[in-house]
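A.B. asks: Below is the structure I would like to discuss, written out as structure tokens.
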Amino acid sequence: QRQLVESGGGLVQAGGSLRLSCAASRGFNSIKMGWFCQAPGKEREFVAAISRYGSNRIYADFAEGRFTISRDNANAIAYLQRNNLKPEDTVVYYCAADRKSTNRTPSRSAAEYDYWGQGTQVTVSS
């Protein structure tokens with residue numbers, strides 16, 4: 001199912017800022033949301049996740065202190081931000097949502113998420 005749409009990707013210079021958005025369709029409610037990334041030749045991996053009301057956020061080790069996840073429930077949008085982009089940030093980013101779990105605790109596992117966006121490509125150049 002594709003009820004999530006990522007935006008904000010594209011070509012960005014090294015040292016620049018990244019702000020991705022994940023917009024849900026009208027009436028879409030999620031228990032928790034997450035961001036994943038996939039580099040060329042590598043498996044998709046976890047970046048960050050956020051609880052239903054945004055009070056609980058977790059990050060992958062590589063993302064801790066580098067990425068910030070947030071959400072705006074009034075507008076059904078999740079965000080992923082990063083400053084000082086580096087070439088290794090050249091990946092496809094995917095947002096995901098969990099609408100079925102009874103546990104709203106953020107998860108690092110892709111299996112916990114039921115809905116996925118189509119992905120947005122970020123290319124960091126120098």
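A.B. asks: (1) at pLDDT below 95; (2) in contact with an Asp or Glu (Cβ under 6 Å, 6 or more places away or on another chain); (3) not aromatic (Phe, Trp, Tyr): which one isn't true of THR105, the others all being true?
C.D. replies: The number of the failed condition is (2).
A.B. asks: Given the condition in contact with a Pro (Cβ under 8 Å, 6 or more places away or on another chain) and under 23 Å from GLY16 (Cβ atoms), answer yes or no: does some residue in the stretch 110-124 qualify?
C.D. replies: Filtering the stretch 110-124 down to residues in contact with a Pro (Cβ under 8 Å, 6 or more places away or on another chain) leaves 124.
Among the residues that remain, those that are also under 23 Å from GLY16 (Cβ atoms) are: 124.
Yes.
Every residue, every condition in (1) in contact with a Lys or Arg (Cβ under 8 Å, 6 or more places away or on another chain); (2) open to solvent by 20 Å² or more (accessible area, probe 1.4 Å); (3) assigned to a loop (DSSP other than H, G, I, E, B), yes or no:
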| site | (1), (2), (3) |
| --- | --- |
| ARG71 | no, yes, no |
| ALA74 | no, yes, yes |
| LEU85 | no, no, yes |
| VAL92 | no, yes, no |
| THR102 | no, yes, yes |
| THR105 | yes, yes, yes |
| GLN121 | no, yes, no |
| VAL124 | yes, no, no |
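A.B. asks: Residues in the stretch 35-46: is at least one basic (Lys, Arg), within 11 Å of CYS95 (Cβ to Cβ) and open to solvent by 10 Å² or more (accessible area, probe 1.4 Å)?
C.D. replies: Taking the stretch 35-46 and keeping what is basic (Lys, Arg), we get 42, 44.
Checking which are within 11 Å of CYS95 (Cβ to Cβ) leaves us with none.
No, because not a single residue in the stretch 35-46 is basic (Lys, Arg), within 11 Å of CYS95 (Cβ to Cβ) and open to solvent by 10 Å² or more (accessible area, probe 1.4 Å).
A.B. asks: A further question on this structure: Residues of the stretch 29-63 being under 19 Å from ALA110 (Cβ atoms), in a loop (DSSP other than H, G, I, E, B) and in contact with a strand residue (DSSP E or B) (Cβ under 9 Å, 6 or more places away or on another chain), which ones? Spell out how you get there, then give the answer.
C.D. replies: Looking only at the stretch 29-63, we keep the residues that are under 19 Å from ALA110 (Cβ atoms), and these are 30-52, 56-63.
Narrowing the set further to residues that are in a loop (DSSP other than H, G, I, E, B) leaves 30-31, 39-44, 51-52, 56, 60-63.
Of everything in the stretch 29-63, those that are under 19 Å from ALA110 (Cβ atoms), in a loop (DSSP other than H, G, I, E, B) and in contact with a strand residue (DSSP E or B) (Cβ under 9 Å, 6 or more places away or on another chain) turn out to be SER30, ILE31, ALA39, PRO40, LYS42, ARG44, SER51, ARG52, ASN56, ALA60, PHE62, ALA63.
A.B. asks: Given the residues SER17, SER51, which is the only one that is touching a Lys or Arg at 6+ places or on another chain (Cβ under 9 Å), surrounded by fewer than 21 Cβ atoms within 10 Å (Cβ to Cβ) and more than 17 Å from THR120 (Cβ to Cβ)?
C.D. replies: Selected residue: SER51, the only one of SER17, SER51 that is touching a Lys or Arg at 6+ places or on another chain (Cβ under 9 Å), surrounded by fewer than 21 Cβ atoms within 10 Å (Cβ to Cβ) and more than 17 Å from THR120 (Cβ to Cβ).
The values are calculated or read from the model by the stated rules, or taken from the named source; none is laboratory data. In this text, all values refer to a predicted model and were calculated from it rather than measured experimentally. Ideal geometry is used to build each Cβ from the backbone, glycine not excepted, and the neighbour counts take in all protein chains shown. Please note that ligands, DNA and RNA were not included when accessible areas were found on the heavy atoms of the full protein model with its side chains. Shrake-Rupley method; radii C 1.70, N 1.55, O 1.52, S 1.80 Å.
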